[in-house]
Each structure stands twice: as C-alpha cells, then as structure tokens.
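These notes concern the structure reproduced below.
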Amino acid sequence: MEAECEMCGGNIAVPEDVIQGEILACPDCGLDFEIQSLTSGHISLRPAEAIKEDWGE
Ligand SMILES: [Zn+2]
C-alpha cells in the first residue's frame, strides 16, 4: 500500500500489516505521520509532530 504525503506529495510506503497509531516517515521530506485510521483501501495520516510535543522530555 502507499499513502500520499500531505506535505510534499511524495509516496509513503505502507506495510500491509500496518496498524492504527503506527508512525511512518515520508522518504522525501522526512516528516513523520501517524496512521490515524485504516479503512479498506484508504489510509488517513496525520502529522506526528503534535504527538512528539506530548512526550515531554
Ligand atoms: Zn513528504
């Protein structure tokens, strides 16, 4: 499967066994995305930067 990076439009390779909440990095711009939802044949990604801020130290 593949998903499109919403930042640069690059193709992000998505493993077939991907799970919701998994982090994928765009190979073109390096941005991290979290798998927000998985439906048949469609993957929703959201930028993971907001998550990092919650990690604290
Ligand atoms: Zn990208």
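The values are calculated or read from the model by the stated rules, or taken from the named source; none is laboratory data. Just so it is clear, the model here is predicted, and its values are computed rather than measured. We place every Cβ from the backbone using ideal geometry, glycine too, and count neighbours over all the protein chains shown. Note: areas computed on protein heavy atoms with side chains; ligands, DNA, RNA excluded. Shrake-Rupley method; radii C 1.70, N 1.55, O 1.52, S 1.80 Å.
Miscellaneous remarks
- Label-point separation, Met1 to Ile19 (7 Å along Cα→Cβ), nm: 1.4 nm
- The chain, helix-only ellipticity at 222 nm - DSSP H runs n ≥ 4, -39,500 (n - 2.57), divided by all residues, nearest 500: -2500 deg cm²/dmol
- The 1.4 Å probe gives accessible areas that order Met1, Met7, largest first, as Met7, Met1.
- Debye, to nearest 20: dipole size of the chain, +1 on Lys, Arg Cβ, -1 on Asp, Glu Cβ: 120 debye
- Accessible surface of the range 2-54 [probe 1.4 Å, protein heavy atoms]: carbon and sulfur percent: 43 percent
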